Protein chains: 2
Amino acid sequence: MPVDVTAADMERLDTLVTTRRRIRRGTPLYSRGDRFTALYAIRSGFFKTRVTTNDGREQVTGFQMAGEIMGLDGIVSDLHTCDALALEDAEVCEMPYERIEDLSREVPALQTHVHKIMSREIVREHGVMLLLGSMRAEERVASFLLNLLQRLHARGFSEAELVLRMTREEIGSYLGLTLETVSRTFSRFAEERLIEVRHRHVRILDGKGLEAIVASANGR
Amino acid sequence: MPVDVTAADMERLDTLVTTRRRIRRGTPLYSRGDRFTALYAIRSGFFKTRVTTNDGREQVTGFQMAGEIMGLDGIVSDLHTCDALALEDAEVCEMPYERIEDLSREVPALQTHVHKIMSREIVREHGVMLLLGSMRAEERVASFLLNLLQRLHARGFSEAELVLRMTREEIGSYLGLTLETVSRTFSRFAEERLIEVRHRHVRILDGKGLEAIVASANGR
DNA sequence: CCATGTCCTTGATCACGATCAAGAAATTTT
DNA sequence: AAAATTTCTTGATCGTGATCAAGGACATGG
């Protein structure tokens, strides 16, 4: 949260979170069509968000972990436009949107913070568009692993090891690939001694090598 | 702009726009790395935004027309992370970001408005991710045409005719396709009497037909 | 008006990743 | 602990869209 806030501000910010909610693995935090009332900060656990269409298409739009904010999609129309599903048992802080708006007016640091969170999400999605629009399968998978790694590292986890919380199919949906291609790409990386894969446990043997794959720029 | 504002508020909102800028075709409104200072409302003209990487990759992230807001990508880091280029001579209203923040605190309707604009952009990008991640070439092109058409129609233009302001290559970059595939898809649609294409002039003969292609859900 | 350069179209071929298929390994349920 | 289900891996084949290539249509400027 913001840094340049007074003690009085801090006291106010404490009133932002009204409820903590526990979300069981496999269940939704919110779903498309739900009335939008609050933003959610993840305390623990791991989520995916996805958009779905009436004709059955589905696209995973992101994976979220502790400290990240969910629900921004609902602001524009007062309805959620995507689903947020817990990939493991999770806990979130519910922050009523009305209260966020009210407090933002009184605490400029919060106002700026909220704007930055939304802007960050827009920039993140630009990155995903770049990935989906111009990278080949190997580059997408390497990019995905490095991104997860970097975010986990920022949270104090190992830089060289991670446990995937999602299936190959969910990774594939996110990356615009089939689950088979994701699996094969993992296997190829393992053959090349870039990583070790055992189911959902991934160990990074050659991070530089993965970065080199992303930067290869053999894109279309 | 918002509706539930008093006359006094309106007066304040008038001070939001400090400058009007004319942008020549082919020149940038802002570029990656530029210091972020303002948001821009398009008065007239047509823009593309794109992200670029050091290794030469490029991805068009959107096409913007009159009434739409540009620059949101810069809020998070005080630097712009993408380029905005005029595809035809254009005019924009410059709205200093500081002033937006100040006024938002005093005029709740503006605060809500700004949040909705950012949320709308996030939702729009979800749609693009769905397109890039799960649609085949025909579906992408049909979806692109229908989206442009709908936005132009909302601005009082014909529902059945449009002039493309961008090249096949720019369309391709946006849709994650090569320019050849875009061209061939246009030709195929023309053969099937869904559209007529003469260079950048497109006439819609069968809008329902295009919608049927998008809804076909033969996605991967 | 012609020359130059950009943009677009169309054809031929190729390759990447999808699809279909089957079996193995985990995980969950009973 | 065994059974059932889900998830993952690997192989074989296919198809869409990329790539390479060449010619034609416009637009722009001298």
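The values are calculated or read from the model by the stated rules, or taken from the named source; none is laboratory data. As the structure is a prediction and not an experimental result, all values here were calculated from the model. Cβ sites come from the backbone with ideal geometry, for glycine too, and all protein chains shown count toward neighbours.
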Q) Applying the selection to region B:125-160, what residues are in contact with an Asp or Glu (Cβ under 9 Å, 6 or more places away or on another chain) and within 11 Å of another protein chain (Cβ to nearest Cβ)? A) B:Glu125, B:His126, B:Val128, B:Met129, B:Leu130, B:Leu131, B:Ser134
Q. Got a number for residues in region B:134-170 being more than 21 Å from B:Arg188 (Cβ to Cβ) and of a type in the set (Ser, Thr, Tyr)?
A. 1
Q. Here is a list of conditions, (1) within 15 Å of DNA strand D (Cβ to nearest atom); (2) in contact with a Leu (Cβ under 7 Å, 6 or more places away or on another chain); (3) at positive phi, and B:His199 meets all of them except one; can you say which number that is?
A. (2)
**Q.** Residues satisfying the stated conditions in region B:62-110, i.e. of a type in the set (D, E, K, R), within 23 Å of B:Met10 (Cα to Cα) and assigned to a helix (DSSP H, G or I)
**A.** B:Glu98, B:Arg99, B:Glu101, B:Asp102, B:Arg105, B:Glu106
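Taking A:Arg165, is it within 10 Å of DNA strand D (Cβ to nearest atom) and within 14 Å of another protein chain (Cβ to nearest Cβ)?
Working: within 10 Å of DNA strand D (Cβ to nearest atom): yes; within 14 Å of another protein chain (Cβ to nearest Cβ): no.
No, not satisfied.
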Q: Kindly indicate whether A:Ile75 is more than 8 Å from chain B (Cβ to nearest Cβ), at pLDDT 95 or above and farther than 21 Å from A:Arg155 by Cβ.
A: no
(Q) For region B:63-74: of the residues being small (Gly, Ala, Ser) and under 15 Å from B:Arg32 (Cα atoms), which is farthest from the chain's Cα centre (by Cα)? (A) B:Gly74
Q: Any chance you could count how many residues in region A:150-180 are part of a loop (DSSP other than H, G, I, E, B), polar (S, T, N, Q) and either surrounded by 15 or more Cβ atoms within 10 Å (Cβ to Cβ) or modelled with pLDDT under 95 (or both)?
A: 2
Q: Could you check A:Glu196 against (1) away from chain B (no Cβ under 14 Å); (2) assigned to a helix (DSSP H, G or I); (3) charged (D, E, K, R) and say which number it fails?
A: (2)
Q) How many residues are in contact (Cβ under 8 Å) with a residue 60 or more places away in the chain and within 16 Å of DNA strand C (Cβ to nearest atom) when one looks only at region A:134-163? A) 8
Q) Tally time: how many residues in region B:49-73 are touching a residue at least 60 places away in the same chain (Cβ under 8 Å), more than 19 Å from A:Arg124 (Cβ to Cβ) and surrounded by fewer than 21 Cβ atoms within 10 Å (Cβ to Cβ)? A) 3
